[in-house]
Amino acid sequence: MEENSSMPSDILEIQGFEISPEYIYPLFFSLLFAYSTLLFSNIGVLTLIIKEKSLHQPMYFLFCNLSVNDLIGNTVLLPQLMAHVLSTKRFITYNQCLLQAFHSHTFGSASHMILVIMAIDRYVAICHPLRYNSIMTNKVVIGLSATAWGVSLLLVSVLLGLTGRLSRCRSVIQNAFCDNASLFKLSCQDVSINNIYGLFFTVLLFTCSIGGISATYIRIALICWVKKNKEMNNRALQTCSSHLILYLIMLWSGFLTIILHRFPNYPDLRKIAYILFHVVPANLNPIIYGLQTRSLRDKINQILKSRNTLPLL
């Protein structure tokens with residue numbers, strides 16, 4: 001359905017996935033499991049860091065940024081997506097769709113910016129361990145985090161503001177969720193400005209994140225190669241491998257989503273790529289970072305041991 005004259009102008013239909021009846025509940029429970037897992041792991045990490053004063057350090061503050069971003073980004077997307085899997089009536093108001101797109105794009109841009117800050121943190125910790133506490137103070141980390149969130153919110157606000165000004169001649173979101181490209185495709189107006197700013201937004205975001213990550217990792221690799229310190233090399237491999245894996249997953253799923261918007265013949269592949277962009281890093285972040293960070297890992301082990309030694313009632 002491209003248009004429906006009986007439908008109010010602020011009501012949109014979301015195309016969603018074309019799912020065979022036998023796959024509806026397996027898909028629903030898979031999404032429910034993924035959402036429950038990321039809620040449990042991210043809230044658990046946040047609670048542990050907040051409660052334990054020994055974890056009130058710059059590195060763990062960055063973990064909190066990542067977990068909060070994962071929780072917000074996926075809570076906006078997954079519950080509604082699960083509801084649409086079970087329902088044949090997939091309607092949403094235009095304002096709700098705009099809000100979902102805003103949170104979704106903020107999640108993506110903030111993820112890139114936070115991971116760049118984490119790369120800088122790893123660089124200072126590995127290459128300047130004696131100066132780490134004087135460089136990465138709480139004030140510096142809070143300032144960097146505020147900058148990451150501020151830049152993301154500003155860029156996304158302009159992105160969605162340009163889309164919100166457009167009139168609409170269609171009412172079907174050709175996607176399983178709301179995003180900027182799907183929204184401005186509802187308009188029959190000239191969207192050249194939207195395409196130009198969208199390209200600027202994408203190039204700026206990816207240039208900053210790829211450039212920042214590459215610069216820090218090249219610097220870390222050069223210093224490890226020059227000093228040939230086994231302990232430093234092991235620490236670099238342990239802490240940087242998880243960060244790099246998560247970044248690459250997020251980067252390539254993001255690239256796939258952007259590229260597949262230009263190829264309408266592969267709609268389901270684009271939808272899957274975007275869901276993976278949200279779900280996979282959000283589930284892996286607390287697990288990988290938690291297990292590879294000694295203080296956090298020791299604290300988790302301590303809690304688990306204390307529970308195992310409690311007397312049975």
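Can you figure out the FRET efficiency of K230 with D190, using R₀ = 41 Å and their beta-carbon distance, to the nearest 0.05?
Efficiency computed from Cβ-Cβ geometry: 0.10.
Order H105, H112 by their accessible area, 1.4 angstrom probe, all chains in place, largest first.
The ranking, largest first, comes out as H105, H112.
So, with a 1.4 angstrom probe, what is the percent of accessible area on the range 75-188 that is carbon and sulfur?
Of all accessible area on the range 75-188, carbon and sulfur atoms account for 66 percent.
Anything over 26 Å Cα to Cα? Flag those among K51/K271; K51/K139; K53/K230, in the order listed.
K51/K271; K53/K230
Putting +1 on Lys and Arg Cβ atoms and -1 on Asp and Glu Cβ atoms, find which of A221, N234, V172 reaches farthest to the positive end of the dipole of the range 134-235.
N234
Would you tally the net charge around N133, using a Cβ to Cβ cut-off of less than 13 Å, leaving N133 out, and scoring K and R as +1, D and E as -1?
Net charge in that neighbourhood comes out at +1.
Based on the mean of other beta carbon atoms within 10 Å per residue, what is the order of 86-93, 25-32, most packed first?
25-32, 86-93
Please arrange V280, V45 by accessible surface area, largest first, computed with a 1.4 Å probe and ligands excluded. Don't skip to the end; give the middle numbers.
Numbers: V280 45, V45 15 Å².
The ordering from most to least exposed comes out as V280, V45.
Please label the shape of the range 65-160 as rounded, prolate or oblate, based on the square roots a ≥ b ≥ c of the eigenvalues of the alpha-carbon gyration tensor (a/c under 1.5 means rounded; beyond that, a/b larger than b/c means prolate, else oblate).
Values: a/c = 4.28, a/b = 2.50, b/c = 1.71.
Verdict is prolate for the range 65-160.
The values are calculated or read from the model by the stated rules, or taken from the named source; none is laboratory data. Keep in mind it's a predicted model, so treat the numbers as computed, not measured. No Cβ is skipped: glycine too gets one built from the backbone with ideal geometry, and neighbour counts run over all protein chains shown. Surface accessibility is based on the protein's heavy atoms, side chains included, excluding ligands, DNA and RNA. Shrake-Rupley method; radii C 1.70, N 1.55, O 1.52, S 1.80 Å.
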